[in-house]
1. Select from segment 79-90 the residues that are outside any loop (DSSP other than H, G, I, E, B) and open to solvent by less than 60 Å² (accessible area, probe 1.4 Å) and list them in ascending order.
2. Answer yes or no as to whether E71 is part of a loop (DSSP other than H, G, I, E, B) and among the acidic types (D, E).
3. Which of the residues that make up segment 16-48 are open to solvent by 60 Å² or more (accessible area, probe 1.4 Å), in a loop (DSSP other than H, G, I, E, B) and modelled with pLDDT of 95 or more?
4. Give the residues of segment 49-73 that are touching a helix residue (DSSP H, G or I) at 6+ places or on another chain (Cβ under 9 Å) and open to solvent by less than 40 Å² (accessible area, probe 1.4 Å), sorted by residue number.
5. Search segment 1-12 for residues being in contact with a helix residue (DSSP H, G or I) (Cβ under 9 Å, 6 or more places away or on another chain) and open to solvent by 10 Å² or more (accessible area, probe 1.4 Å), and hand back the single one that is modelled with the lowest pLDDT.
6. Of the numbered conditions (1) surrounded by 20 or more Cβ atoms within 10 Å (Cβ to Cβ); (2) under 18 Å from the mean Cα position of the chain (by Cα); (3) in a helix (DSSP H, G or I), T76 satisfies every one except a single condition; which is it?
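The values are calculated or read from the model by the stated rules, or taken from the named source; none is laboratory data. These numbers come from a predicted model, not from an experiment. Here the Cβ is made from the backbone with ideal geometry for all residues, glycine too, and neighbour counts use every protein chain on show. What goes into the accessible areas is simple: the full protein's heavy atoms, side chains included, and nothing from ligands, DNA or RNA. Shrake-Rupley method; radii C 1.70, N 1.55, O 1.52, S 1.80 Å.
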Amino acid sequence: MSKRLWVDARNYDKSLVTAAIEAGADAVWVPEGKSADVKALGLINTIAADGDLKPGTDVFEHEVANKQDEEKAARTPSNAWCVVKCRDWKIIPLENLIANRPGKLIAAVRDAEEARLAFETMEVGADGVLLTTDSPGEIKKVGALIQKEGEQLGLVTAKVTNIEALGMGDRVCVDTTTIMDPGQGMLLGN
């Protein structure tokens, strides 16, 4: 599944909706009664009581401030979208939700840098982002980021032909090795 871009336009602004359509966003979250206005501008899904996706049925939004909030978000019905807005501590709750909730996870973000981080967390990232901004330019940046994410290189088989000791270098901690089975490994690269 490709990454999703949703734009938060609950404070309805036509320029943001237009930018979302132009950036290839998958959906805009609008106030009730605005779905028809959005559909008149272009082909895009709406999240609203009168929209294509309905809050509380198809989409559940969670503010995550502590472990209990995180656990509540993880219990979102599996057939629904789970939108998480992490207050101060973003990466760990997002990692936990990616690991414990199979799919349909949207991370609330404010800019392209936060979107990139949400897409890269634990290598697989969130399934999408809900962008809250008042800048049409920021919407276009996140749209471009998602387009670039789609251009991924495939893995190919390689053969190690030489091993050479290079001395001491930077070290990292890989804290998942205890859950690996014999014969498993990690692909690390730059």
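1. Taking segment 79-90 first, the residues outside any loop (DSSP other than H, G, I, E, B) are 81-86.
Selection gives W81, C82, V83, V84, C86.
2. Values: part of a loop (DSSP other than H, G, I, E, B): no; among the acidic types (D, E): yes.
No.
3. Applying the first criterion (open to solvent by 60 Å² or more (accessible area, probe 1.4 Å)) to segment 16-48 yields 22, 32, 34, 36-37, 39-41, 43, 45.
Among the residues that remain, those that are also in a loop (DSSP other than H, G, I, E, B) are: 32, 34, 43.
Correct list: E32, K34.
4. Matches in segment 49-73: G51, H62, V64, E70, A73.
5. Residues of segment 1-12 that are in contact with a helix residue (DSSP H, G or I) (Cβ under 9 Å, 6 or more places away or on another chain), as a first pass: 2-9, 12.
The next check asks that each one be open to solvent by 10 Å² or more (accessible area, probe 1.4 Å); those that pass are 2-4, 8, 12.
On the way: S2: 84, K3: 92, R4: 95, D8: 98, Y12: 95.
Step by step, filter segment 1-12, then rank; the result is S2.
6. The single condition T76 does not satisfy is (3).
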